[in-house]
Amino acid sequence: MTRQPHERQRRLHLGERLALALLAAWSLLALELAVVAWGTRARITSIWELQHGAIGLTPAWVLVGAAGALLGWLLLELLAAPTWRRRAVLALGWALWGGAIGWGVGGGRHLAAPEQRWGFAGLVALLAAAAALAAAPGTARALRWARETRRRRILWSLGVALVVALVQLANLYILPRLYPAFHAGLSSLALALAALGWAVWFPSQSTSQSDGASRRWTLGRWTFSRAAAGIAVAVGMVAVAALALVPGARSVSGFDNLRWILLEHAPTLRWGVRLAATVAPPPPNRCQDASCEELPSVSAATPGGPTLDWSGRDIVLITVDALRADRLGATRGGRPLTPELDALAREGVVFEAAYAATPHTSYSLTSLMTGKYMRPLLLQGAGEDSDTWAGLLRTYGYRTAAFYPPAVFFIDTARFRRFEESRLDFEYTKVEFAEGEKRLGQIRDYLAQQPPEQRLFLWLHLFGPHEPYEAQPGYDFGARDVDRYDSEVAFADHTVGELVRMVRARSPRAVIVVTADHGEEFGEHGGRYHGTTVYEEQVRVPLVVVAPGDVVPGRVSRPVQTIDLLPTVLSALGVPPQPRIRGRDLSPLLARRTPREGAAAPDGSAAPPPAGEESGEGSPKGNAQDEGLAVAETEDYALLAEGTFRLICERRVGACQLFDLATDPAQRVDVSGRHPERFRRMRERSRQLAASHGEFESRGLRAEGRGWPAPILRGISGDGDAAPDLSELLDDADPAIRRKSAELLFELQRPETAGSLRLSLTRDEDPEVRRWAALALTRLGEGAPLVYELVQDGEPPVRRLAALALAETGDARGERELLAWWNDAAARDFERSRQLLRAFAKIRSEAAVAPLVGSLGDVRLRPDIARTLAAIGDKDARWFLVRALMNERYQSARSALVEAIVALGGKGDLVIPLVRFLGVPDPLQDGLAHAQKADILHHIGGPKREQLRRVRSLANSGVVTHLNVPPGGNGTGVRLVVRARARGSEGGVIYLQRGTEPPPSNSKDSKVRFRYRPTIEREKALEVRIPPTQHGAGGSGVGAEGATEVAVTLPDAWRARPGHPFPLALFADQNVEVEALALVPLADELPPPPPEPWQPK
């Protein structure tokens, strides 16, 4: 009888602690949301996006918080348990938690065997339970101590908050995107620890029953405890969240921008995003009405307007490699950068928003020459029999000649074998590296041999602006990469002018077309060179068409494509349209009798069409044809351009962003929330266009056969959103369709398809379908016994795929097959090579070190190889990486090599290359951050630790620091590199001047020297401008988020010399935080490799 009240009291306390744990977990999630929203506010498009997205995700977050709260409840119960027996039972829950983490983290190469993995999980479970039991008594005493006074409660809560913050930071920055179980464990631990911070503010179990009345509520005749009320509310919230989970998840499936931000920056909230995506995957966005059927065909001509007549004229096509559109009309040093192209532009039509099909030369030029999107066709194994520009014009009486370098087919050479061997159907070709006068001489000799009455089609591809950039005589704009690039552009422009004059001397009415294969990036979106994204700097190209007497000079602002040129030329020559050509006839735009369609934006980007031509939501002219059209793609990204809007999609994850160049030419702000209808329509059209590639090709194939269904065509092009439709095709009656669908699901790796794959594995009668299903499931982490058979007894290609799937889950039993595959370079393309590298990193294959070191000569794969070697962790590879770094010319590869060397413990061996590459015209990105991580900042011209702490703390009030300039350099000066961040939208300034020694300290005040502040005259000081912090853009990911490294050359009058100390005085604006700095001698960039002797085939 005496135990009943005590048992009831115990249950009440138990309920209070459960309610407390739930409240603490949910409060932590709310705080995390507030911090992430504030920290990434520059990337959130609107308060509407944040509000509605948070509302839709709240059910998922409530459930995630409830799961973490269970661990917090176990913690509080453990601290309150009066006996060791009860503590042992509660510690069992912590053991299960630790065992689950151990099992999830295990499974790598060293724990591949089941007994090893179980043993590791058991060890982690034992350690978790032991730690919980050992810490419980002391923590319970500390908790009782903290409850005694208000001050202690505050100190206790702040201490717990600090621990939780450290756990969250570790979750965010340690092993990012690796070991999901590890990150899930840290998230649940943070939610559990949050309960400790709240516990001191609530009564303990030892509270006497005299305060029981204060812990009960009375409502009329009913009396109940606050604990019961709290539990009822908590259980109700969890139940409501469970019911609202699917509807809420569906409501946010289109919030791509917010989901991206949370996945990147919210260590615990991200689990709610993933839960929502699991229960309600983003829809494939199929057409839901008849609007898709009304979309005009991309092969149709632009309606209306006069036509062109180029019959009897020579046609000259000039393409300049890597020429950005914004270089047309630009100036350098007070003079035009491209005066010859500018003069041509005044004679003809300039298309201000022209786009290449793919930012790779091989794909782009073959697309231009065939008038179709060649990348998706070649991925389908189609398109090799396509008609070409030269072949068609030869049919109609033209002689054709081409002058281009062998590098035209450098990327994915095997796919372009037919085009390379046929020389794109040109009759006469000069395939060699030749620029300037040498190339002009070849063309001059060719023209001299042609009868004056013979019509010619002449193609010249200038390779000069492609990296490596070399400064050309007479065009010296500086030593940076962009300066040497502009020098190459100016030299190419001179060559274009000479060629035009040469051609017009023979044929004054010749049609001249000038464009490029792609652009070039110089860090606008965090990258360099080309081939990686579909932002403006990489895919927008210049396009000028000149036809004297038949084309009215002017400018066109609506989007067009380089693949539109072939149908336009055929139309102007009166050649019947070819059914397989995808480009549009631009004749009506060229023959318009208005001098200008639209204006260019100040930076050269596409400006809005004139009044009456814009067709956004609510416009009566709301069809995409009126606004123009352009499509571009890479392995990972796809672009659709209409009017001033640019839809960019990350294809594998199915997330898209919409940019409006009229207000945001730099493409920084996602406006999909402001234009939801346009966003929906453009996503639908993008998918329809991707699915139509094979349809157009299959209709004109010379070989008999039928084309693939639309989902398969989308899947072949890499569209991850095609996965649900491919799952449905696993039930198709045609086994070929089922096989291809299963194969593509293996490539796409989408978790929502696992259910369909499991059904195919168990019930499909076709062994090839079952094989692909087993491989796909293994890649998704679910495993299938059939794969173990395939890796042992399957055919060689199947064995390799099985070994890859196993390695991606941490199983190394197919390691030998992977090594053989890597050594067979002809059997792997670029993307498969990257998958193999990730697999080697996953299993930490030490046997792969030697083959990978031998492959460091591969320009495209070198950064990925460096990261893989770092993940494997074999320190013997460091020497080879250092050697590769010393001769590395590519910025992106330099950063990857340095990161790998640091990860492998590099210190002293990094000093010389870091000093060198911080001193070249384009300093190494995040070089100071790498030096800090390797703890060698003071060896490369930076301050020692104590000095650096002083600089950081006193920079905003003025400080002098003494730095030792490393020896070396080219003798032309010394550069300061500073790493800093600036709050606010305007950025900030750091003022520099040569420092002086402080007054000597005296015996009465030994702190005078420390308190000395330099006097800096701002009007005479050297200014270093720090750009505003871009939240969420941390450069290469090294160092603190948002920090930027800026370089400035010290004046010669300051007499800073390599190998000597230098006193530097600096003063930073109040909104600027200085993180690191160093003085390095200026150095020359590595010279380009000597040209290889050309051997004609």
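Collect residues whose amide H, placed 1.01 Å from N in the peptide plane, falls under 5 Å from the amide H of Val965; neighbours closer than 5 in sequence don't count.
Correct list: Gly1059, His1060, Phe1062.
Mind ranking 731-737, 337-343 by how tightly packed they are, going by the mean number of other C-beta atoms within 10 angstrom, highest first?
Values: 731-737: 13.0, 337-343: 20.0.
Highest mean packing first, the order is 337-343, 731-737.
Starting from 0.36 nm per residue, how many nanometres of slack lie between Glu470 and Leu127 once their C-alpha separation is accounted for?
Values: separation 343, 0.36 × 343 = 123.48 nm, distance 6.04 nm.
Gain on extension, Glu470 to Leu127, equals 117.4 nm.
Using only Cα atoms, locate the centre of region 926-969 and the centre of region 473-534, then give the distance between them in Å, rounded to an integer.
Taking the Cα centre of region 473-534 as reference, the centre of region 926-969 is 40 Å away.
How about region 503-581: which trypsin sites (Lys or Arg not before Pro) there lie in a loop by DSSP and see at most 14 other Cβ atoms within 10 Å?
Numbers: sites: Arg504, Arg506, Arg509, Arg528, Arg540, Arg555, Arg580; in loops: Arg509, Arg580.
Counting only loop positions with at most 14 other Cβ atoms within 10 Å, the trypsin sites (Lys or Arg not before Pro) in region 503-581 are Arg509.
What dipole magnitude, in Debye to the nearest 20, does region 365-516 give about its Cα centre under +1 on Lys/Arg Cβ and -1 on Asp/Glu Cβ?
Numbers: 19 positive and 22 negative charges, 136 e Å.
In debye, rounded to 20, region 365-516 gives about 660.
At a Cα cut-off below 13 Å, give the aspartates and glutamates reachable from Lys438, other chains included and same-chain residues fewer than 8 away excluded.
Partners within reach: Glu498.
To the nearest 0.05, what FRET efficiency results for Ser957 and Leu162 with a Förster distance of 22 Å applied to their C-beta separation? List each step's numbers first, then the result.
Numbers: r = 28 Å, r/R0 = 1.26.
Between Ser957 and Leu162 the formula returns 0.20.
Assigning unit charges at the beta carbon (Lys, Arg +1; Asp, Glu -1) and nothing else, what dipole magnitude in debye, to the nearest 20, does region 790-906 show about its Cα centre?
360 debye
Here, each number is a calculation from the coordinates, and none is a lab measurement. Treat the numbers as computed from the prediction; the structure is a model and nothing was measured. A quick note on method: Cβ atoms are made from the backbone with ideal geometry, for glycine too, and the neighbour counts reach across all protein chains shown.
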